[in-house]
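Data first, discussion second: the structure below is written as structure tokens.
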Amino acid sequence: LAKQRLLIKGGKVVNDDCSVVADVYVEDGVVQQVGPNLNPEPLTGLVVLDATNKLVIPGGIDTHTHMQFPFMGSRSKDDFYTGTKAAIAGGTTMIIDFAIPQKGCSLIEAFDTWKNWADPKVCCDYSLHVAVTWWSNKVKEEMKSLVQNKGVNSFKMFMAYKDMYMINDEELYAAFSCCKELGAVAQVHAENGELIAQGAKKMLAMGITGPEGHEMCRPEEVEAEATQRAITIANAVNCPLFVVHVMSKSAARVISNARREGKVVYGEPIAASLGTDGANYWNKDWAHAAAYVMGPPLRPDPSTPGFLMNLLANDDLSVTGTDNCTFDICQKALGKDDFTKIPNGVNGVEDRMSVIWEKGVYSGKMDENRFVAVTSTNAAKIFNLYPKKGRIAVGSDADIVIWDPTATRTISAKTHHQANNFNIFEGMVCHGVPVATVSRGKVVYEGGAFNVTAGEGKYVSRPPFPPYVYKRVRQREQVCQPVPVKRAPYTGVVSGTSITPK
């Protein structure tokens, strides 16, 4: 790898802020030159990729995956090998997965467990968010250690999954305060877990046991309420907030309004919420309906994906992930008689880039630069990976995708590289296809063929206090502190009421 030299010729280099026709020269896994008509010497040993009439874009960063995740009595089908292999086939060169401890368990041990799963298998670079599923002084100390010693700068709190991962408002306040002190980004799964638990009981009591009950017991307002509550709590402690998997119009409006009020909050719609909808829960085929079950659920309002894409195109929403957490039909069948037992999760890691190009760029809602921003650059900025990741420039990691905006492909479980036997985007025709993927300067995928082995990806540390997020937070800390009113002391009579004990 260290000796590999690569020249990408004749393409249009697209970053989030500009596009320019230029060659890109890579050596030792890093971009060395960007400019017209590059002729690096010597020619021997130089790999040349022709990108004429194509776009040369930063590799995608998927901010939200769950590979080989033990969850709801099963384990997600895509492990760190099949999942990251599928990612590079789709034009994604980095994932950020979640290390999730059980209540009462060590955050550091969870981090080490996930890292030990990932390191021998990953085909592209990765990093880890860590979940806070309970609160104590030990958790606070472990968060500090993870930030200082393990390169973690983001922690996720669940407002749902009662009795499993959910924490209450007091614990949220404490966790957000700790994130702020450490320079980390606080993330939330925003749903009202108490209302979901009560709603599920109600549906089952009414004899609604199928996948439609999953959406009916956790309607939009349950997501919107929790989103508003999380933003309010985060704002009270001046902590930046990242709302994962934004699934509904109402939750997206809450985030959009908060951003316009100047709050430091970022929303992450996912490939699923941008590319399909929840009408599938009412499909007469149980297996089809169950395949779409995820939390928060997809929404039955068919205008939701377009609405979310409009907000993403115009910076009301900021980044895109997938919440890739695949379970096959047999695993989903654990809940054949009770929707609360259907393992939650869908695919997306391979299809995210094409779905967003199709629904965003091809449809005319966003341009190629905004596409790069929402699939790569903004994630790199928020999680302090920029400009090593998320940009094609001298000194940046050579995570690069050659993208053909005119080619098409039809998404299907028969041809995808994921381990699952179902694809929620089945039959979708996408304009915009990755023809070659470069990871750390090596061509790992080209023309449908892989050239990668398990373990070639690297764990990427993320330093605290990402400037993109924390510049405003730090300034507000200095100038927006409450101050007491200066006034003369009260010198009048004080009336006290004596209370006689009975």
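The values are calculated or read from the model by the stated rules, or taken from the named source; none is laboratory data. For clarity, every value in this text was computed on a predicted model and none was experimentally measured. Heads up, the Cβs are rebuilt from the backbone with ideal geometry, glycines too, and the neighbour counts pull from every protein chain shown. Remember, those area values only see protein heavy atoms, side chains included, never the ligands or the DNA or RNA. Shrake-Rupley method; radii C 1.70, N 1.55, O 1.52, S 1.80 Å.
Numerical summary
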item: Amide H contacts of Phe71 (H built 1.01 Å from N, under 5 Å, at least 5 apart or other chain); result: Ser76
item: Label selected from [x] 166; [y] 258; [z] 177, the criterion being volume of the Cα convex hull per residue in Å³ as computed here; result: [z]
item: Peptides 32-45, 174-187 ordered by average Cβ neighbours within 10 Å, highest first; result: 174-187, 32-45
item: Cβ-based net charge around Glu261, under 15 Å, with every Lys or Arg adding one and every Asp or Glu removing one; result: +4
item: Distance from segment 300-354 to segment 20-66 (C-alpha centre basis), Å; result: 32
item: Pairwise label distance in nanometres, Lys201 with Lys336, each label 7 Å out on the Cα-Cβ vector; result: 2.9
item: Out-of-range pairs (alpha-carbon distance over 27 Å; input Lys12/Lys365; Lys201/Lys414; Lys140/Lys249; Lys85/Lys388; Lys156/Lys249); result: Lys201/Lys414; Lys140/Lys249
item: Solvent-accessible heavy-atom area per residue, rounded to whole Å², over segment 339-403 at 1.4 Å; result: 23
item: Inter-part distance where segment 255-271 and segment 446-488 are each reduced to a Cα centre, Å; result: 15
item: Listed pairs Lys54/Lys284; Lys77/Lys162; Lys77/Lys180; Lys121/Lys284; Lys180/Lys202 exceeding 31 Å between Cα atoms; result: Lys54/Lys284; Lys77/Lys180; Lys121/Lys284; Lys180/Lys202
item: Amide H within-cut-off set for Val246, under 5 Å, with H built and near neighbours excluded; result: Glu268, Ile270
item: Rounded if a/c under 1.5, otherwise prolate or oblate - segment 346-502, Cα gyration tensor axes; result: prolate
item: Mean Cβ count within 10 Å, highest first, over the residues of peptides 432-438, 388-394; result: 432-438, 388-394
item: Prolate/oblate/rounded call for segment 207-282, Cα gyration tensor, a/c under 1.5 rounded; result: prolate
item: Accessible area of segment 56-474 belonging to carbon and sulfur atoms, whole % at 1.4 Å probe; result: 52
item: Note, ³J(HN,Hα) from phi for segment 61-75, Karplus 6.51, -1.76, 1.60, rounded to Hz, x at Gly and Pro; result: 10, 8, 7, 7, 9, 9, 8, 6, 7, x, 7, 6, x, 8, 9
item: Mean residue ellipticity (222 nm) of the chain, computed from DSSP H runs ≥ 4 via -39,500 (n - 2.57), nearest 500; result: -8500 deg cm²/dmol
item: For segment 410-453, accessible area per residue (1.4 Å probe, heavy atoms of protein chains only), Å²; result: 40
item: Ranked packing of 261-272, 195-206, most packed first, by mean Cβ within 10 Å; result: 261-272, 195-206
item: Cβ-defined net charge surrounding Asp397, 11 Å radius [Lys, Arg +1; Asp, Glu -1]; result: +2
item: Neighbourhood net charge (12 Å Cβ-Cβ; Lys/Arg +1, Asp/Glu -1) for Trp114; result: -2
